[in-house]
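J.: Can you read through this structure? Questions will come right after.
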Amino acid sequence: MTQTCIVIGASHAAAQLVFSLRQEEWQGKIIVIGDEASIPYHHPPLSKTFLSGDKAADELFIRPHALYEKHNIDFKLETRVESINRASKSVILSSGEILKYDKLALCTGSRPRQLALPGAELIGVHYLRTISDGESIKSAMATAKEAVIVGGGYIGLETAASLNSLGIEVTVLEMESRVLARVTSPEVAQFYSRVHQEEGVVIKTGVTVSAFEGKGKIERVICSDGSQFNTDLLVIGVGIIPNIELADAAGLEVDNGILVDEYARTNDPDIVAAGDCTNHPNAHYGQQLRLECVPNTLEQAKSAAASICGNEKEYNTIPWFWSDQYDLKLKIVGLSQGFDQLVIRGDKDNSRSFVAFYLKSGKLIAADCINRPQEFMVCKRLIATRSAVDLARLQDENTSPKDFAI
Ligand SMILES: Cc1cc2nc3c(=O)[nH]c(=O)nc-3n(C[C@H](O)[C@H](O)[C@H](O)COP(=O)(O)OP(=O)(O)OC[C@H]3O[C@@H](n4cnc5c(N)ncnc54)[C@H](O)[C@@H]3O)c2cc1C
């Protein structure tokens, strides 16, 4: 009898998982159920080239419609999976339909953390996760003169850069004492603050937003220290929450993400999970991780597909991430938490190209590479192989990255 694999979420992970399933020779049906209107699309451009107008919505699809058809991959869009019945191996859809599965993949992603503040319902208050969010922001940008971004993380800063490049006056409000506090070192954060200020973005740190005000539409942001910022467009980027409720209600193990092993398997042998929604072990760092990035999503989806087909493909890659702002192409490899030494290569105070290396007990554990693709590639390999590195060579611009290792 033909088997059925159901994938929940027409997501980035799903776009990889379904083709990996065919590569693993899954002969059965594949049905992707997504609550958005679109087949899987790239989210990263939403805060970058999509907002700046360099890419249109129909250029964001990860794969064209025709390719899914060719591989017999069916979609049910604008349809939500309301619950999973593990006993009967079925899912209940928002349409009322009940579908049976033999294997189930949870690729439910994450959603923006919302600020429940007075005025949060005003027109002009936006979050940025989906194409539809991006389109709303874009149409507001057409008439906006001033924008406030709440949150100085990567999405907030990328959005600030895109809006600024179109001539909108942008103010970023960050609660912490610096931008990028959760994700990078003070040195790299200070660099980004400098560049944004050089580009004309106003950055206010140590300010806590307490309310939004306006007559039906956002007009100003109020902070707890009494300061106020006029705006006609507000974008909030204060982190994400993994979509785990469905898994939790079905009795799957969850803890800051759906718990999976290194093969993307949940505690149910017929259910895997991949992408932003998972909390998974990383053998290299010896810890559980919940990552929020495309490379994680793609690699984990491949492991999930293998597990569905009864094969074992261990997911154990070094995390990496990128961010584009202005002419800055940042690539981050590894996890810098717990570093005991920071080494800089390049002039971070006067140029727009440098590397911040993070070391622990003399070993490289992470690197932030700004406009430095060669160093990024080398660091990826050195971190994976736990190679000892020579500090003087890391710093010396005359030493080729190929010679970093001792
Ligand atoms: C603006 C922005 C910029 C980004 N920039 C970068 C970047 O530069 N580099 C990088 O590496 N990463 C970036 N990311 C993160 C990256 O896009 C995510 O890590 C990735 O999209 C996660 O993919 P996913 O498959 O886990 O989930 P998603 O692609 O988010 O998809 C999950 C889907 O599942 C749907 N869903 C959830 N529950 C249900 C249900 N019950 N029924 C049906 N459907 C459901 C959701 O609505 C959603 O459509 C960015 C993200 C955003 C939003």
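J.: For region 75-90, give me the residue count where each residue is closer than 20 Å to T130 by Cβ and either near the ligand (Cβ under 8 Å from one of its atoms) or without any contact (Cβ under 8 Å) to a residue 60 or more places away in the chain (or both).
T.: Going through region 75-90 one residue at a time, the tally reaches 6.
J.: Can I ask one more? With respect to E314, is the statement that it is within 21 Å of E158 (Cα to Cα), among the acidic types (D, E) and open to solvent by 50 Å² or more (accessible area, probe 1.4 Å) true?
T.: No: the conditions fail for E314.
J.: I would also like to ask the following. Let me confirm something: among K100, K138, which residue is away from the ligand (no atom under 15 Å from the Cβ) and charged (D, E, K, R)?
T.: On the way: K138 fails: away from the ligand (no atom under 15 Å from the Cβ).
Sole residue among the options that is away from the ligand (no atom under 15 Å from the Cβ) and charged (D, E, K, R): K100.
J.: Run T143 past the list (1) within 16 Å of the ligand (Cβ to nearest atom); (2) open to solvent by 70 Å² or more (accessible area, probe 1.4 Å) and report the number of the one that doesn't hold.
T.: (1)
J.: While we're on this one: Which of the residues that make up region 50-73 are within 14 Å of the ligand (Cβ to nearest atom) and under 22 Å from Q23 (Cα atoms)?
T.: The answer is F61, I62, R63.
J.: If you don't mind, another one. Of all residues in region 264-306 being outside any strand (DSSP E or B) and hydroxyl-bearing (S, T, Y), which is farthest from the ligand (Cβ to nearest atom)?
T.: So the residue we want is Y285.
J.: If the requirement is being open to solvent by less than 60 Å² (accessible area, probe 1.4 Å), under 29 Å from L163 (Cβ atoms) and within 14 Å of the ligand (Cβ to nearest atom), which of these qualifies: L128, L93, L106, L115? Working first, answer last.
T.: Details: L93 fails: under 29 Å from L163 (Cβ atoms); L106 fails: under 29 Å from L163 (Cβ atoms); L115 fails: within 14 Å of the ligand (Cβ to nearest atom).
It is L128.
J.: Let me ask something else about it. Could you go through region 150-167 and let me know if any residue there is open to solvent by less than 40 Å² (accessible area, probe 1.4 Å), at pLDDT 95 or above and over 22 Å from T49 (Cβ atoms).
T.: yes
J.: Would you check if there is a residue in region 260-276 being crowded, with 20+ Cβ neighbours inside 10 Å and farther than 19 Å from Q16 by Cα?
T.: Checked against the condition, which is being crowded, with 20+ Cβ neighbours inside 10 Å and farther than 19 Å from Q16 by Cα, region 260-276 yields no hits at all.
J.: Scan region 309-333 for residues that are in contact (Cβ under 8 Å) with a residue 12 or more places away in the chain and not in a strand (DSSP E or B) and report the count. Steps first, please.
T.: Step one: list which residues in region 309-333 are in contact (Cβ under 8 Å) with a residue 12 or more places away in the chain, which gives 309, 311-333.
This time we only want the ones that are not in a strand (DSSP E or B), so: 309, 311-319, 326-327.
So the answer is 12.
J.: Go through the residues of region 226-238 one by one and say whether even a single one is in contact (Cβ under 8 Å) with a residue 60 or more places away in the chain, assigned to a loop (DSSP other than H, G, I, E, B), under 30 Å from W320 (Cβ atoms) and within 11 Å of the ligand (Cβ to nearest atom).
T.: Among the residues of region 226-238, at least one is in contact (Cβ under 8 Å) with a residue 60 or more places away in the chain, assigned to a loop (DSSP other than H, G, I, E, B), under 30 Å from W320 (Cβ atoms) and within 11 Å of the ligand (Cβ to nearest atom), which makes the answer yes.
J.: Would you confirm, using the coordinates I've provided, whether S47 is more than 9 Å from the ligand (Cβ to nearest atom), hydroxyl-bearing (S, T, Y) and either in contact with a Pro (Cβ under 9 Å, 6 or more places away or on another chain) or more than 23 Å from A304 (Cα to Cα) (or both)?
T.: In short, no.
J.: Is it the case, given these coordinates, that D232 is within 30 Å of K204 (Cβ to Cβ) and surrounded by 17 or more Cβ atoms within 10 Å (Cβ to Cβ)? Show your work before the answer.
T.: Working: within 30 Å of K204 (Cβ to Cβ): yes; surrounded by 17 or more Cβ atoms within 10 Å (Cβ to Cβ): yes.
Yes: the conditions hold for D232.
J.: Condition first: open to solvent by 30 Å² or more (accessible area, probe 1.4 Å) and touching a helix residue (DSSP H, G or I) at 6+ places or on another chain (Cβ under 8 Å). Now tell me which residues in region 182-204 satisfy that.
T.: Scanning region 182-204 gives V183, E199, G200.
J.: Please determine, by comparing only the residues of region 329-361 that are closer than 17 Å to P319 by Cβ and of a type in the set (F, W, Y), which one is surrounded by the fewest Cβ atoms within 10 Å (Cβ to Cβ).
T.: Taking the candidates together, the pick is F339.
J.: Another question about this same structure. Hey, among the residues in region 1-16 that are open to solvent by 20 Å² or more (accessible area, probe 1.4 Å), more than 9 Å from the ligand (Cβ to nearest atom) and not β-branched (V, I, T), which one's farthest from L291 (Cα to Cα)?
T.: The qualifying residue farthest from L291 (Cα to Cα) is M1.
J.: Here's another thing I want to ask about it. Could you run through region 17-42 and say how many residues are of a type in the set (F, W, Y) and either at positive phi or within 15 Å of the ligand (Cβ to nearest atom) (or both)?
T.: Keep residues of region 17-42 that are of a type in the set (F, W, Y), which gives 19, 26, 41.
Pick out the ones that are also either at positive phi or within 15 Å of the ligand (Cβ to nearest atom) (or both) and you get 19, 41.
The qualifying residues number 2.
J.: Under 8 Å by Cβ, and 6 or more places apart or on different chains, what pairs join a residue from region 265-287 that is within 12 Å of G109 (Cα to Cα) and hydroxyl-bearing (S, T, Y) with one that is within 16 Å of the ligand (Cβ to nearest atom) and open to solvent by 40 Å² or more (accessible area, probe 1.4 Å)?
T.: Going by the 8 Å Cβ cut-off, the qualifying pairs are T278/L259; T278/R290.
J.: I've got another one for you. Cβ-Cβ below 6 Å, separation at least six or inter-chain, first residue in region 201-216 and closer than 26 Å to Y326 by Cα and modelled with pLDDT of 95 or more, second basic (K, R) and in a loop (DSSP other than H, G, I, E, B): which pairs?
T.: That search, which allows pairs on different chains as well, returns T205/R178.
J.: Out of E82, E24, I need the residue that is surrounded by fewer than 19 Cβ atoms within 10 Å (Cβ to Cβ) and either farther than 27 Å from N256 by Cα or β-branched (V, I, T) (or both). Which one?
T.: Exactly one residue qualifies, and that residue is E24.
The values are calculated or read from the model by the stated rules, or taken from the named source; none is laboratory data. Not measured: the values here are computed from a predicted model. Backbone-built Cβ (ideal geometry, glycine too); neighbour counts: all protein chains shown. Ligands, DNA and RNA are stripped out before the accessible areas are found, and what is left, the full protein with its side chains, is counted by its heavy atoms. Shrake-Rupley method; radii C 1.70, N 1.55, O 1.52, S 1.80 Å.
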